[in-house]
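Read through the structure below, which is laid out as structure tokens, and then see the notes.
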Amino acid sequence: MPKASDTLWDLAIAEVEKRENPDDDGKHVGVWEKSILFMGNKNGGKTTIILRCLEREEIPKPTLALEYTFGRKARRHNTPKDVAHFWELGGGTSLLELIRIPITSNNIRSFAVVLVLDLSKPSELWTTMEKLLQVTRNHVNKILTKLEKTNPEVATEIKQRMQNNLQRDHPDYELVDPFPIPLVIIGSKYDIFHEFDSEMRKIISKTLRFVSHYYGASLVFTSKSEALLLKARVLINHLAFGYDKSKSVSVDHSKPLFIPAGLDSLSQIGPPPASDSDIGKMRANTPLELWKKVFEKTFPPKSSCDLQDTKDPAQDLQYAEYDVDVMRAQKNQELEQYKRNASKSWKEMDFDSDELL
């Protein structure tokens, strides 16, 4: 309703806003803006999942470090498009320090994490999951600690939101430790995983169900199959664009799992897949630590360092730049020549031991 004090300019601005942002009630419709960080195993399918969510028909390329893209979707016809910022961390667990770049105190309220774990590599699964979630959680907690001093209302809101993932009357309410920001865990390459021995599949599935429930996360298994990718898109679109949460659940270990946050329970998951005598011998301070020991007894973690497998971007053909590469080669030759000359000059020096004392 125009006010008597409104100038012609005020009325013009109001009319433009009304035309650009109409809704059923004639009220202003705000733009939804969210950010999601995708991380997980190298070559685990993160890029493929992102492209499918954005409905882009592109051939996935290896992610070298930290890459960014975005998507825009309108909630209704003739409304402004919401924006989702998609960040992707490459290199498995070798570039953990880059996690702090996309997650900041400015966007923490609207941030979520998608952890993509390669089901075909169970020996890397727990280590990858543990390292990535630990570093992310530590960084988020530092931001929350800072916000408690500068903006306590926001810090309280974030903590309360994660606790609300599980109803207070849920029997596991006091037994879980929700991740500080929304989390989706995706088990990729289900087509390969499906060929595993049934007992192996059961151990991996139960373990990921426990971890997801413990962290208040959603869990979905996927592959290149359009039907399975669609299920992953449902969870991601909820985080990115506020689409309705799916209430369907699939906990059958012989089929792809699909469990939205808060819809599982420790009683349904059952105890860790090990004999009572084995569990009795294991020393663990928390339920999570106990599940880790049971899991790694069946799937011993690899000792190789991820960092050694990280490719040098300068050697990647997709980033070839003739003039730059020629100059780089020249500088490398100059450096090698300097090293040889320096080594030679040091060897030729005649040090008098008496003068050194």
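Taken together, the values in this text are just the output of simple stated rules run on the coordinates, not laboratory data. Everything quoted here is computed from the prediction, not taken from an experiment. Please note: Cβ atoms are built from the backbone with ideal geometry, for glycine as well, and neighbour counts cover all protein chains shown.
Note on R100 and E58: the model spin-label points, each 7 Å out from Cα along the C-beta direction, lie 2.9 nm apart.
Peptides 325-338, 113-126, 169-182 ranked from most to least packed, by the mean per-residue count of other Cβ atoms within 10 Å: 113-126, 169-182, 325-338.
In this simple spin-label model, placing a label point 7 Å from the Cα along the Cα-to-Cβ direction at both V326 and S246 gives a separation of 5.4 nm.
The residues neighbouring V176, those whose beta-carbon lies less than 13 Å from its own, together hold a net charge of -2 under the Lys/Arg +1, Asp/Glu -1 convention. When both the stretch 141-194 and the stretch 74-121 are represented by their alpha-carbon centers, they are found 15 Å apart.
Report the extension gain between V154 and K302 in nm, rounded to one decimal, defined as 0.36 nm multiplied by the number of residues separating them, less their alpha carbon distance. Result: 49.2 nm gained on full extension.
The residues packed around F221, meaning those with a beta-carbon under 12 Å from its beta-carbon, carry a net charge of +2 if Lys and Arg are +1 and Asp and Glu are -1. For the residue pairs K245/K292; K42/K146; K34/K293; K202/K224; K142/K297, the alpha carbons lie more than 28 Å apart in K245/K292; K42/K146; K34/K293; K142/K297. The HN-Hα couplings worked out from phi for the stretch 154-166 by the Karplus form 6.51 cos²θ - 1.76 cosθ + 1.60 (θ = phi - 60°) are 5, 4, 5, 4, 5, 5, 5, 4, 6, 5, 6, 4, 10 Hz, whole numbers, x standing for Gly and Pro.
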